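Chemist: Mind looking over this structure? Questions follow.
The values are calculated or read from the model by the stated rules, or taken from the named source; none is laboratory data. None of the values given here were measured: they were computed from a predicted structure. Neighbour counts run over all protein chains shown; Cβ positions are idealised from the backbone, glycine included. Surface accessibility is based on the protein's heavy atoms, side chains included, excluding ligands, DNA and RNA. Shrake-Rupley method; radii C 1.70, N 1.55, O 1.52, S 1.80 Å.
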Amino acid sequence: MIIVLKPRTTKQEITRVENMVKSRGLDTHIIEGSEMTIIGCIGDTTRIDMKLFEVDPAVTKVMHVQEPYKLASRAFHPEDSMVDVSGVKVGCGHLALIAGPCSVESVEQVMEIAQAAKASGANLLRGGAFKPRTSPYAFQGLGLEGLEILCEVKQETGLPIVTELMSAEYLDVFNEKVDLIQIGARNMQNFDLLKQLGQIERPVLLKRGLNATYEEWFMSAEYIMAAGNENVILCERGIRTFETYTRNTLDLQSIPVVRKLTHLPIVVDPSHAGGKWWLVEPMSKSAVAAGADGLMVEVHNNPECALCDGAQSLKPKKYDELIRQISGIAKVIGKKVDL
Ligand code: PEP
Ligand code: MN
């Protein structure tokens, strides 16, 4: 952190600000120019409230040199991280191909979709048992019964499961049965939930909030990591912009940004980004070409009758075609897809 003082600040004022810094356990380095003085702060500034310095009468501006997140930061961990989801590697050249329905509706439904998706090359099965719906009158998911259905399908197909946790009430059962715990966009800043996820070792798929900045998203990852769980995968799922034609706007730039600023794997969910099935293929291809470590795609055997998000779901045949194309792109850019 660098503190730029106002021109012609007195020696007394400089000492006062310096002492403010030192009282927070940091060292200082003073640079005195002909017009102004700069105080360089040395040490861990992640716990400092820079706003307090910004409003000090002797201060012009305060700049952060270091990002406020540490464990998630590329600067502190230069190597890419790979997350192991019950034997499925994600990151470091390994693609996560997560597919399945928006919501678990029945054993037959999930089984049919999972078998088809697996045959196409999917290596992880998604399905919502607890659904975060905008309307309280909409289908809320089958809850624990839905989770049991996912377990049954996992047993049959061998596909590890990815499903959303909305309340810490179910943390223990998720920790026991779910391979990759999804934290949805709406809960990205549920800090109590994030802290509790830090207490376990299960990998977490942390979706970007509807209007979260990169820094807010990475700070949420930091919550989980700081509490002890470093198995975090980020998921870009589109952000809210002024555009209403698409459900959200897929921020493909987040892929290189995540790669530059963090060491965590990044998966893209084109289904919730676009909200329309025909946007899924071009956005999936773009995401993999841009360096994403995986895709999470909604697949439904009967989208017209889906209880949730049928409009953005691919039929199994379309998913199969998509994976053929993705594997071609993956090869070109040096990623591994086991088909
Ligand atoms: C989902 O993946 O089922 C979901 C609800 O996504 P999001 O949290 O990104 O809206
Ligand atoms: Mn959905």
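Chemist: Hull surface divided by four, with the convex hull built on the Cα atoms of the chain: how many nm²?
Modeler: 19.4 nm²
Chemist: May I ask which of 89/207; 22/260; 315/335 have a Cα-Cα span longer than 30 Å here?
Modeler: Going by Cα-Cα distance, 22/260 fall outside the 30 Å limit.
Chemist: Given a 1.4 angstrom probe, what's the average accessible area per residue across the chain, in square angstrom?
Modeler: 45 Å²
Chemist: Also, quick follow-up: For the chain, take the longest principal axis of its alpha carbons; what is the angle in degrees between that and the long axis of helix 144-157, to the nearest 10 within 0 to 90?
Modeler: Around 70 degrees separate the two axes.
Chemist: Take every Cα pair under 8 Å in the chain that's 6+ residues apart, average their separations, divide by the length, and report that relative contact order as a whole percent.
Modeler: 16 percent
Chemist: Let me ask something additional. What residue among 255, 333, 308 has its Cα farthest toward the positive end of the dipole of segment 199-339, where the charges are +1 on Lys, Arg and -1 on Asp, Glu, each on the Cβ?
Modeler: 333
Chemist: Could you look at the chain and say what percent of its accessible area is carbon and sulfur, using a 1.4 Å probe and all protein chains?
Modeler: 52 percent
Chemist: Any cysteines in the chain with zero other Cys Cβ atoms under 4.7 Å from their Cβ? List them, or say none.
Modeler: 41, 92, 151, 235, 305 - these cysteines have no disulfide-compatible partner (Cβ-Cβ under 4.7 Å) in the chain.
Chemist: Normalised by the number of residues in segment 105-246, what is the relative contact order in percent for Cα pairs under 8 Å and 6+ residues apart?
Modeler: 18 percent
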